[in-house]
Amino acid sequence: MLDLEPHWMPFTDNRRFRRSPRMLVSASGVHYRDSAGRSILDGASGLWCVNAGHSHPLIVEAVTEQLRTLDYAPCFEFGHPGAFEFAADLVGVMPRAFDRVIFANSGSEAVDTALKLSLAYHRARGEGGRTRLIGRERGYHGVGFGGTSVGGIGRNRAAFGTLLPGVDHLRHTYDPSAAFTRGQPEAGAELARDLQRLIDLHGAETIAAVIVEPVAGSTGVLVPPVGYLQLLREITERHGILLVFDEVITGYGRLGGMTASEVFGVTPDLIVLAKGLTNGTVPMGAVVVSAHVDEALSTGVAPGVELFHGYTCSGHPLAAAAGLATLRVFEEEGLCERAAALAHLLEEAVHELAREPFVRDVRNIGLAAAVELEPGAGAPGVRGFEVLKRCFEQGVLVRVTGDTIALAPALVYTEAHVEELVGAVRTAVRGIH
Ligand SMILES: Cc1ncc(COP(=O)(O)O)c(C=O)c1O
């Protein structure tokens with residue numbers, strides 16, 4: 001019998017889990033197999049990361065081969081070719097303004113790296129007074145102290161004291177009166193003017209960076225109003241504030257392009273990536289740096305170490321191999337195009353759920369969708385978890401936060417998979433009280 005006690009699972013009700021564990025033992029394509037031998041349709045791309053499908057042969061082969069050849073190489077003052085090759089290929093698929101990559105080992109680390117880079121950038125340019133960081137309510141930027149501080153989820157912050165000083169937040173962009181909007185809501189761009197209010201309050205000369213998820217993923221696929229990101233860009237640019245897009249979820253095809261930046265036509269100064277970067281196979285995060293930030297921080301500084309920052313496993317050989325292979329799969333299989341083609345189908349299917357009991361909103365963009373349920377009286381999260389359980393009983397895995405069910409199909413889904421996924425949610429929702 002497997003001992004479930006010693007492992008403390010993240011973001012999990014561990015005691016509830018131990019009473020009725022859901023154990024996944026293998027995976028291939030868009031399916032898992034659970035410990036009872038059942039096939040489970042992956043409706044969440046793992047945790048928004050296995051965008052190209054599980055155990056892709058090309059990625060498996062690349063990582064295996066790398067492990068046989070070079071398992072590890074120190075990354076301070078030594079290199080290995082894989083990290084350089086991957087950085088070059090990655091820059092090649094990013095918007096044109098970007099020319100360098102800093103690797104980390106998770107989204108959280110990459111976020112904290114981006115925040116530190118922002119501070120260092122201003123200091124290098126003689127504006128060391130710019131230390132304030134601005135996040136947004138309902139934003140999720142991982143669990144480091146930086147990411148938790150700029151994050152806007154009360155429960156994620158509550159236990160951890162005062163967090164970083166000098167942080168402020170924009171209001172979130174969710175508007176319940178726009179419920180059941182397909183894609184981007186028309187109204188709400190002016191919420192970006194919150195930034196102007198914070199500039200008026202604190203002074204632009206104190207603000208280093210604004211970090212947002214172009215589409216807030218973890219708090220339930222909150223799609224930005226038309227023009228919102230453009231306005232944020234305008235205001236940041238006008239005041240010399242760096243704009244950081246946390247694309248840990250929106251990157252790698254989720255919205256039908258390599259980045260949300262490309263899809264929305266808004267170019268930030270830094271892009272944070274993780275998850276899909278290695279198709280979830282080997283932990284990795286990255287900050288993609290625009291040329292002007294790079295110029296200030298690396299080519300334009302005095303000789304010597306440019307940035308006193310990095311991790312033992314930055315650009316790890318296995319992660320780099322997985323990253324390179326993932327990019328090859330994206331290109332050879334046209335995964336962004338496939339996602340874009342499938343998005344309409346997901347939209348149609350998921351909005352059919354609007355008529356089901358307790359559904360108070362359905363949101364979607366690209367291959368991301370959320371079905372938000374009316375919370376039970378005095379029991380928030382209970383209906384959501386009940387849907388997760390009922391879907392799993394039907395052989396479908398969905399992601400739930402509170403009473404919102406998030407759907408994140410792999411980019412290699414077929415029409416039948418979309419129908420199966422949405423059908424399972426429908427049956428589950430019909431069964432709850
Ligand atoms: C937008 C965003 N940023 C950062 C993170 C943190 O990534 P990780 O869990 O790899 O640390 C996540 C994870 O869900 C995320 O969605």
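The values are calculated or read from the model by the stated rules, or taken from the named source; none is laboratory data. Note that this is a predicted model, so its numbers are computed, not measured. A quick note on method: Cβ atoms are made from the backbone with ideal geometry, for glycine too, and the neighbour counts reach across all protein chains shown.
Observations on the structure shown:
- Restricting the stretch 170-197 to residues that are touching a residue at least 60 places away in the same chain (Cβ under 8 Å) and part of a helix (DSSP H, G or I), the residue that is nearest to PRO268 (Cα to Cα): LEU195
- Taken over the stretch 73-88, the criterion of being buried (at least 16 other Cβ atoms within 10 Å of the Cβ) and closer than 23 Å to CYS336 by Cβ is satisfied by PHE86, ALA87.
- Criterion: over 20 Å from PRO409 (Cα atoms), touching a helix residue (DSSP H, G or I) at 6+ places or on another chain (Cβ under 8 Å) and modelled with pLDDT under 95 - qualifying residue of VAL288, VAL266, VAL293, VAL301: VAL301
- The strands (runs of 3 or more DSSP E) located wholly in the stretch 198-286 that include 1 or more residues which are away from the ligand (no atom under 16 Å from the Cβ) occupy 207-212, 242-246.
- In the stretch 116-160, residue nearest to GLU205 (Cα to Cα) [restricted to those that are assigned to a helix (DSSP H, G or I) and within 12 Å of the ligand (Cβ to nearest atom)]: VAL150
- Residue check: SER28 meets all listed conditions (1) surrounded by 13 or more Cβ atoms within 10 Å (Cβ to Cβ); (2) within 23 Å of the chain's Cα centre (by Cα); (3) more than 30 Å from ARG426 (Cα to Cα) but one, namely (3).
- The set of residues in the stretch 107-118 that are crowded, with 20+ Cβ neighbours inside 10 Å and either over 19 Å from SER218 (Cβ atoms) or out of contact with any His (no Cβ under 6 Å at 6 or more places or on another chain) (or both) comprises GLY107, SER108, GLU109, ALA110, ASP112, THR113, ALA114, LEU115, LEU117, SER118.
- Considering (1) touching a residue at least 40 places away in the same chain (Cβ under 8 Å); (2) surrounded by fewer than 19 Cβ atoms within 10 Å (Cβ to Cβ); (3) touching a helix residue (DSSP H, G or I) at 6+ places or on another chain (Cβ under 8 Å), the lone condition that PHE160 does not fulfil carries the number (1).
- For the stretch 100-115, a tally of residues being touching a strand residue (DSSP E or B) at 6+ places or on another chain (Cβ under 7 Å) and either more than 16 Å from the ligand (Cβ to nearest atom) or of a type in the set (Ser, Thr, Tyr) (or both) returns 4.
- Pairs, first assigned by TED's automatic domain parsing to the domain that holds ASP194 and at pLDDT 95 or above in the stretch 210-228, second of a type in the set (Gly, Ala, Ser) and within 9 Å of the ligand (Cβ to nearest atom), C-beta under 7 Å, six or more apart: VAL212/GLY139; GLU213/GLY139; ALA216/GLY139; LEU222/ALA216
- Residues being assigned to a loop (DSSP other than H, G, I, E, B), touching a residue at least 24 places away in the same chain (Cβ under 8 Å) and over 26 Å from the mean Cα position of the chain (by Cα) - total across the stretch 289-312: 2
- For the stretch 313-327, the count of residues that are buried (at least 23 other Cβ atoms within 10 Å of the Cβ), outside any helix (DSSP H, G or I) and in contact with a Ser or Thr (Cβ under 7 Å, 6 or more places away or on another chain) is zero.
Residues checked against (1) of a type outside the set (D, E, K, R); (2) closer than 29 Å to LEU411 by Cβ; (3) in contact with a helix residue (DSSP H, G or I) (Cβ under 9 Å, 6 or more places away or on another chain):
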residue: ARG19; (1), (2), (3): no, no, no
residue: GLY37; (1), (2), (3): yes, yes, no
residue: ILE40; (1), (2), (3): yes, yes, yes
residue: ALA52; (1), (2), (3): yes, yes, yes
residue: HIS56; (1), (2), (3): yes, yes, yes
residue: GLU61; (1), (2), (3): no, yes, yes
residue: GLN66; (1), (2), (3): yes, yes, yes
residue: ALA73; (1), (2), (3): yes, no, yes
residue: VAL91; (1), (2), (3): yes, yes, no
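- The numbered conditions (1) closer than 15 Å to THR181 by Cβ; (2) in contact with a strand residue (DSSP E or B) (Cβ under 8 Å, 6 or more places away or on another chain); (3) part of a helix (DSSP H, G or I) are all true for GLU348 except (2).
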